[in-house]
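Q: Below is a structure I'd like to ask you about.
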Amino acid sequence: MKDLRLERAEIALAEELKRTRIPASIEIAVMGHFGRVRRRRRAAIGAMMCGAIAAAMVGGIVIGQHRTRPLPVNFSPVPAGVDKDKPAVVTPSKQAPARAQEVLVARPRKANSGPPEAEPSAENEPFIAIPYTVPLGADEQATVVRMSLPVPALAAAGLPIVAPEPDALAQADVLVGQDGRARAVRVLSISTNDRRF
Amino acid sequence: MKPEDLRDRDTFHLVYQAHHASVFRFVLAMTGDRLKAAEITQDVFVWLIDHAGRYDPARGELNSFLLGVARKLVLKQIQGARRWVELKRSVRQPEPAEPGNDVEALRQAISALPQQYREVVVLCDLEDHTYEEAAEALDCPVGTVRSRLNRARQFLARKLESVKRSQTHERCSA
């Protein structure tokens, strides 16, 4: 049970409180803070979006470079008991088998962007090491260069290739080491004056 | 009202218009100081802007939530102010209420109440909030609100009675 005098006093005090004028400066300060926070939030979202786009672009560039970069490969040494006259076959490096495998299928990008040519199936063949050359190191990088070579020159270098004509030319991928020396060859096709094998 | 809605300027302005008076009056009654009340009211809404996600509509009304925030800021302010004693208060006692002015006597009696009793009197008796709303704002059970309010009323009634007795005594001696 509430005291009557107390109740009257409370009602009067509540009325007095309700009549109290609230300073307008509070509203100005609060809404000003709201605007500042909203601007900061927008700026942060914009910065995050720019960062994400930049990261995606950098990632794309890095992945693109990784795909076209020539990777190191190892030549498997000729094991004992194997005929040394038979040319060695290039195999992927044991340290980096996945990367070396990429070399076998990697294609250098062409500068001119013409229509894609029909790729010969010989590109899937492994490289044949040129006899008596120093094998590539595990971390040594190699470059694949596509060129036309006289077939007799390849035969003279010790590669198991038979020249149908003395002036026949072989379209081949040559694996060149960091020292600029050819280490392995992959013959794609052989052409004479009137025929193509 | 969802917390995400508070990020919209117009919605927030409506929320401010609807609740700022209630928050201001509560803080004013708790502190008895207009400047502090204005400052804490501003802090409550600035806090709401920065922490809108803390409001959970499932737990109660936005007004109760804001009063709860205001209460915490008032407590923080009181705890901070304990380290300092005003010069005028240290040398001069508060003036007694004028004879016949129960409102002023009540104001002084309320300000003399311990904080947990003062806040229930302000919310339930002066601001006409229900016990449930007060319990949400104070983050305590409804039964606690009832018992605190009962004790606070007894204290205030005794205080007003003593003021009345002293006034009668003064009249007789005069």
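The values are calculated or read from the model by the stated rules, or taken from the named source; none is laboratory data. Keep in mind the model is a prediction, meaning the values are calculated, not measured. Counting neighbours? That spans all protein chains shown, and the Cβs are built from the backbone with ideal geometry, glycine included. Surface accessibility is based on the protein's heavy atoms, side chains included, excluding ligands, DNA and RNA. Shrake-Rupley method; radii C 1.70, N 1.55, O 1.52, S 1.80 Å.
Q: For the pair B:HIS13 and B:ASP128, what calculated FRET efficiency results from E = 1/(1 + (r/R0)^6), where r is the Cβ-Cβ distance and R0 = 25 Å, to the nearest 0.05?
A: That pair, B:ASP128 with B:HIS13, gives E of 0.50.
Q: Where Lys and Arg each count +1 and Asp and Glu each count -1, what net charge lies around B:ASP56 among other residues with Cβ under 15 Å from its Cβ?
A: -2
Q: Let me know the mean shielding of A:20-28 by other chains, meaning the per-residue number of their Cβ atoms within 10 Å of its Cβ.
A: 6
Q: Separate question: Between B and A, buried accessible area summed over both sides at probe 1.4 Å, in Å² to the nearest 100?
A: Answer for the B-A pair: about 3200 Å² buried.
Q: I've got another one for you. Please list A:ILE45, A:ILE190 in order of solvent-accessible area, largest first, computed with a 1.4 Å probe with all protein chains present.
A: Largest accessible area first, the residues go A:ILE45, A:ILE190.
Q: Could you tell me which of B:TYR131, B:VAL23, B:LEU160 has its Cα farthest along the dipole of chain B towards the positive end, charges placed at Cβ (Lys, Arg +1; Asp, Glu -1), taken about the Cα centre?
A: B:LEU160
Q: I'd like the carbon and sulfur percentage of the solvent accessible area for chain B, probe radius 1.4 Å, heavy atoms only, ligands and nucleic acids excluded.
A: Whole-percent figure for carbon plus sulfur exposure: 49.
Q: Separate question: Express in Å², to the nearest 10, the accessible area of B:ARG151 obtained by rolling a 1.4 Å probe over the protein heavy atoms while all chains stay in place.
A: Looks like 140 Å² after rounding.
Q: Can you compute the equivalent ellipsoid semi-axes for chain B, i.e. the square root of 5 times each eigenvalue of the Cα gyration tensor, sorted largest first and rounded to whole Å?
A: 35, 19, 14
Q: With a 1.4 Å probe and every protein chain left in place, work out the accessible area per residue of chain B in Å², rounded to a whole number.
A: Each residue of chain B exposes 58 Å² on average to a 1.4 Å probe.
Q: Once you've got the GNM for chain B with C-alpha springs shorter than 10 Å, pick whichever of B:ASN101, B:ASN63, B:ASN150 has the biggest mean-square fluctuation.
A: B:ASN101
Q: Would you pull out the residues with amide H under 5 Å of A:ALA142's amide H, same chain only if 5 or more places away, H placed 1.01 Å from N?
A: The list, which skips near neighbours in sequence, is A:LEU71, A:VAL73.
Q: Continuing with this model, one more query. What percent does the relative contact order of chain B come to when contacts are Cα pairs within less than 8 Å and at least six residues apart?
A: About 23 percent, as a whole number.
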